[in-house]
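The values are calculated or read from the model by the stated rules, or taken from the named source; none is laboratory data. Just so it is clear, the model here is predicted, and its values are computed rather than measured. Virtual Cβ from ideal backbone geometry, glycine too; neighbours counted across all protein chains shown.
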Amino acid sequence: MTRLATTPTSVCSRAPHPTDALSTDLLGDETRQYRARLRATGPPALPFLGIVLSDVTFCSDGNPSTRRSPLAPDKQLINLAKYNGLWRIVADVRRFQAPLALAEVPEVQIFLSKVFAEKDSTSIEHLYRKSLSVEPRTSTTPAPGLP
C-alpha cells in the first residue's frame, strides 16, 4: 500500500491516503513529535524512559534471538539484526550522556551540611516530623507506618 502514492488520490481527492490512518494509529503524533525533537536535541538530555523501554521491549520480544541459516536450514544462527537494533537504542540513549557543568551553591552546601550533621537526620521518622513542622498535614490521620 505504501507504493500507491497517486492512486488513492486519483480515485477520490478528498479521501485520505490509506497509510495515513495506519501511521497515526501505530505512532501517535505526540510520540512522533517527541522523537523528532529528541533527534534535534544535543547532549546533555534525559530521554523519556518509558519510550526507551518500549523500544527495547518491541525489539527484544518482537524479534527472535536466532534465525535459520540460509545455507544449512538445520542450523540456527544468531539474529544479529535483533542485537544491532538493541545496540542502536542503547547508543541513542548514550549519545545524550555528557558531563554537566554544575556550579556549587554555597548556601545549599551549608544547608546540606547542617541537615546531615543533625542527630538522626537520616531516620524516616525524623524526616517525617521535620516535614510536618515545615508543612503540617491537613488531615488528622497519619500516614501508614509513621507516627
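Within the bounds of segment 26-45, is there any residue that is in a helix (DSSP H, G or I), at pLDDT below 90 and in contact with a helix residue (DSSP H, G or I) (Cβ under 8 Å, 6 or more places away or on another chain)?
Checking segment 26-45: at least one residue is in a helix (DSSP H, G or I), at pLDDT below 90 and in contact with a helix residue (DSSP H, G or I) (Cβ under 8 Å, 6 or more places away or on another chain).
Within segment 62-88, how many residues turn out to be touching a helix residue (DSSP H, G or I) at 6+ places or on another chain (Cβ under 7 Å) and among the hydrophobic types (A, V, I, L, M, F, W, C)?
1
Yes or no: segment 116-135 includes at least one residue that is out of contact with any strand residue (DSSP E or B) (no Cβ under 9 Å at 6 or more places or on another chain), surrounded by 10 or more Cβ atoms within 10 Å (Cβ to Cβ) and within 30 Å of Gly28 (Cβ to Cβ).
Taking every residue of segment 116-135 in turn, none turns out to be out of contact with any strand residue (DSSP E or B) (no Cβ under 9 Å at 6 or more places or on another chain), surrounded by 10 or more Cβ atoms within 10 Å (Cβ to Cβ) and within 30 Å of Gly28 (Cβ to Cβ).
Taking the stated definitions as given, is Phe111 part of a helix (DSSP H, G or I) and surrounded by fewer than 12 Cβ atoms within 10 Å (Cβ to Cβ)?
Yes; evaluated as a whole, the condition is true for this residue.
Output the residue which, of all residues in segment 50-100 that are under 19 Å from the mean Cα position of the chain (by Cα) and of a type in the set (Gly, Ala, Ser), is surrounded by the most Cβ atoms within 10 Å (Cβ to Cβ).
In this case the residue turns out to be Gly85.
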